[in-house]
Structures are given as structure tokens and as C-alpha cells.
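Below is one structure, written out as C-alpha cells; the observations come after it.
Nothing in this text is a laboratory measurement; each read-out follows from the coordinates by a stated rule. Please read all numbers here as calculations on a predicted model, not as lab measurements. Every residue, glycine among them, receives a Cβ derived from its backbone with ideal geometry; neighbour counts consider all protein chains shown.
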2 protein chains.
Amino acid sequence: MTQPCIICVAITGSLPTKADNPAVPITVVEQVESTQEAFEAGATIAHCHVRDDEGKPTSDPERFAALKEGIEKHCPGMIVQLSTGGRSGAGKTRGGMLSLRPDMASLSVGSNNFPTRVYENPPDLVEWLASEMKTYGIKPEIEAFDLSHIYQAKAMADRGELVGTPYVQFVMGVKNSMPAVKRVFDYYVETVKVLFGEDAPWCAAGIGRHQIELNDWAAAAGGHLRT
Amino acid sequence: MTQPCIICVAITGSLPTKADNPAVPITVVEQVESTQEAFEAGATIAHCHVRDDEGKPTSDPERFAALKEGIEKHCPGMIVQLSTGGRSGAGKTRGGMLSLRPDMASLSVGSNNFPTRVYENPPDLVEWLASEMKTYGIKPEIEAFDLSHIYQAKAMADRGELVGTPYVQFVMGVKNSMPAVKRVFDYYVETVKVLFGEDAPWCAAGIGRHQIELNDWAAAAGGHLRT
Ligand SMILES: [Zn+2]
Ligand SMILES: [Zn+2]
Ligand SMILES: [Zn+2]
Ligand SMILES: [Zn+2]
């Protein structure tokens, strides 16, 4: 229980806008500033989304390059994790930034519903994103929106498609997908241990009002925190 | 443990062709014959898909009407369950047969991956299918391809969107979705009991080579069988 605590800070995310919350960092300069504050407060992983000039989510590799450079300069040693999530682009554009060779990248390995639409991660795209990550030596963070996604990570790892032991993030509290339920959270943790070993790292992200709840559960169960 | 055993027979399914297996019943006449054999052997629910003249899966209400009529005539008292699954049609065509007022209809409540594509069940379509079933007094069989689908059924039931206590079918062994894993099966059963009560009915379907395995597990755990 004296493991150093890894704190993963999500910079901006793909959803909030300045209209929702004027404090949300949108430009790369604002994002680097906010990451640096989190880094100085102890965060070790920066989970990064970027926005275009209108504030909309994008997968633009140039934006990601600028953000990565800024974080590396101002937060030496911090682990940079770039998002390949589907809110920021479609198809292979979602992986256009992987040639930047970040330390980590997020990887969705299955499909599920979002509040108003299907979050589509077709098998061939998942395979391609994983193979790009392998090419560039990038460790994936598996985004587990449902239980089968943890098993899918195991199947991919067994086939040698992933770099290192899968690092799973449980995403809970998404409407029309997995709710934030403690017994499922406990089962997720148990599943990671069964599939990847007692010491396999994992983290948990609660969406919206579930964030604090999930952080409490994760802290108590030995997971990494996400803020 | 002396509950009468409900056996659910899947007529034809949406995938096999005469080329795969010449014994697969494709025409409505063949389907009714094969259902009658199962009925006489003790099956109580007929889970029905239909094919067009070329043997391709279809959601054609006229085909479903002919099959339903044939089963009702030759298998008096058998529960007719029509499939609204996405292999047979897209969008609202999937529910075009619901006005036939079958006893039951299958209902997918979330999205997931299939071996080569995304099985898309967008939230607005799920809601529409459920509301049609409610309009026509049809009991849904919830197709649970993943754990969150059982929770989604609970959320829908709590909102009054489903007729009766949800009857959940676990679908396991689909590539790129949930594998046939005993510990997950056990957790599914536990989840149904936690959410819908100790006596809530459920059944399990193992895809392909997993069918016998899943039937063994279901028989031992008190679920309904699927053949
Ligand atoms: Zn994380
Ligand atoms: Zn993200
Ligand atoms: Zn069934
Ligand atoms: Zn079916």
C-alpha cells in the first residue's frame, strides 16, 4: 500500500467548451500551463485531447505535436498520453498523431453506446491503431467502456498486438453505456488481476458527476487516479 | 430445482446458409416443420429469424407473418419470439414485424463489435423498438452481448419502457465481443439476480462451438436452455 500514487490528469477532454466553463484550457498555451500546474501538484500522466481554432475536438497531428512539445519542455519526465478517441476524428485520422511517438496513447478496443450515438470502433480500425502503436513503440491505455473490452485487451495482448502489459482504464458513468456501479467496479478490478496479474496497473475515470466517486473507489482499491 | 425447464429453440438464425449445412431450414415451410419437431421434443419458445427467396436474412413482415401463423397452427401454446436483430435489416425496418403482436421479440439495447464490424444499436433506435414493443404488448428478450447491456435493461425497465420483468439472454463466444468465459457467465447470472430478483428468468446462447458449453452452464445454474 505504499506504492507511489500515479495521478493521470485529463487535459481539456473532448467535450467541455469555454461556454460550459470559462476555465477550460483550450489553446495549446493554456493546456501546457494547466498541465504544468497539475504536474507540480504531483500528476504523472497527461491524457491529452486537442482542439481546433474554433474550440472543436480535432485529431490534428500538428496540434498534438505542439502540445507534446510544450508538456515535455515544461513538465520534464511527465508521461504524455495522446487520445485516439472517436470524438476527435473518424477512421484512420484518429491515429494520425501516433508517428509523434508519445509515451502512451489511448486505445478503444470495442464499440458501445454513448448518450446519443454509437461509439464506433470497428475491428479493423482497432487493429490498425494497435499496429501503429506497436510500430512507434507506444504503450496503449485501454479504454474499457464495458467488461468485454478488458477481455478484448487480453486477446490482443496474447496475440502480441500490444506493447507491454495492458494498462486498462475503466470508464464509468456514461449514459447508455456502463453506469458507475460499485459492484461492477470491483469486478473490473478483479478481472484485471485475473487476466493481467495481481500487480497490473489500472485506472478509472468517472464521467461528469461520477469523477469524485470513481477516484475514491480507485484510491481505496489501489488504482491510479484520474483528475 | 424442479422448475419446469424452458427450452428456447432458435429457428435458422441469421447466419447459416444451405451451403454451410443442407439441413438448415430456410423456407417458411421448412422452418415450421423444424419448429414442430422441437416443440414436440419439449421446446417452449421459438426464437425466429426469416430469410428472403435468395436465403438472405430479412426483416420482411410478410415472411414473419407466415412463419408466426405456421407455428401457431402447428405448435399450439408455443411462445413465438421474433428477432429484431441487426443482421436482418437496418434502422426501423428491424421492427416492421412488431405490429404482428408476437408474444416476444428480441431487443438489443447496446452496441458492440461483431467479428468484422460494429453491431450498431443507436440509442434512438433502441428506444423506438422498445416503444413499439410496448405499444403492441410484446415482451422483449434482452440480448446481452456485454455486461452494460444488463444494466441498460434495468435502466429501461425502471423508466417503464419495457413490458414485464426483463428476460435477459446472455450471448457469449462472439469474436471481438464477450468470449465464453465461465466466471463472466457466473457474474451475469449474479447480476440478473441482483437487478431483477432471485427468480428472474434468463437464458444463454453460445455462438458456434460454444453452444453446448453454454447450455451446460445454463442448465447447472437454473437458466433456460437454447438449442
Ligand atoms: Zn489514466
Ligand atoms: Zn480522453
Ligand atoms: Zn432465449
Ligand atoms: Zn437471433
Using all C-alpha to C-alpha distances in the stretch B:94-227, build P(r) with 10 Å bins and read off the rounded percent in each one.
-> 13, 44, 36, 8
Sort shortest first the distances from B:SER99 to its counterpart in every other copy, using label points 7 Å along the Cα-to-beta-carbon line, and give them in nm.
-> 5.5
Which of A:ALA90, A:TYR188, A:GLY137, positive extreme of dipole for the stretch A:71-227 (C-beta unit charges) = A:ALA90
Based on other C-beta atoms within 10 Å, arrange A:ASP186, A:ASP53, A:ASP146 from fewest to most.
-> A:ASP53, A:ASP186, A:ASP146
Distant-in-sequence amide H partners of A:SER108 (H built 1.01 Å from N, under 5 Å) | A:GLU143
Would you tell me the mean number of C-beta atoms belonging to other protein chains that fall within 10 Å of each C-beta in B:171-178, as a whole number?
-> 4
Dipole in debye (nearest 20) - chain A, about Cα centre, beta carbon charges: Lys, Arg +1; Asp, Glu -1 = 340 debye
From the label point of A:GLY55, set 7 Å from Cα along Cα→Cβ, how far away are the matching label points in the other copies, in nm, ordered shortest to longest?
-> 5.8
Please sort A:92-100, A:168-176 by packing, taking for each peptide the average over its residues of neighbouring beta carbons within 10 angstrom, highest first.
-> A:168-176, A:92-100
Per residue of A:116-122, how many C-beta atoms from partner chains lie within 10 Å of its own C-beta, taken as a mean?
-> 5
Using the Karplus curve 6.51 cos²θ - 1.76 cosθ + 1.60 with θ = phi - 60°, work out ³J(HN,Hα) for each residue of the stretch A:79-86 in order, rounded to whole Hz, and write x for Gly and Pro.
-> 7, 9, 10, 9, 7, 10, x, x
Lysine-lysine proximity count for the stretch B:7-226, Cα under 17 Å, sequence distance 8 or more or distinct chains = 7
Can you list the distances in nanometres, one decimal and ascending, from the A:GLY42 label point to the identical position in each other copy, with the point 7 Å along Cα to Cβ?
-> 6.1
In µm²/s, what is D for the protein assembly as shown at 25 °C and 0.890 mPa s, where D = kT/(6 pi eta Rh) by Stokes-Einstein and Rh is the Kirkwood radius from Cα pairs?
-> 105 µm²/s
Which residues qualify? For A:GLY223, with a placed amide H closer than 5 Å and at least 5 residues away or on another chain, they are none
Provide Rg and Dmax in Å for chain B, with only Cα atoms included in the calculation.
-> 16.3, 45
What is the mean number of Cβ atoms from other protein chains located within 10 Å of the Cβ atom of each residue in peptide A:145-155, rounded to a whole number?
-> 5
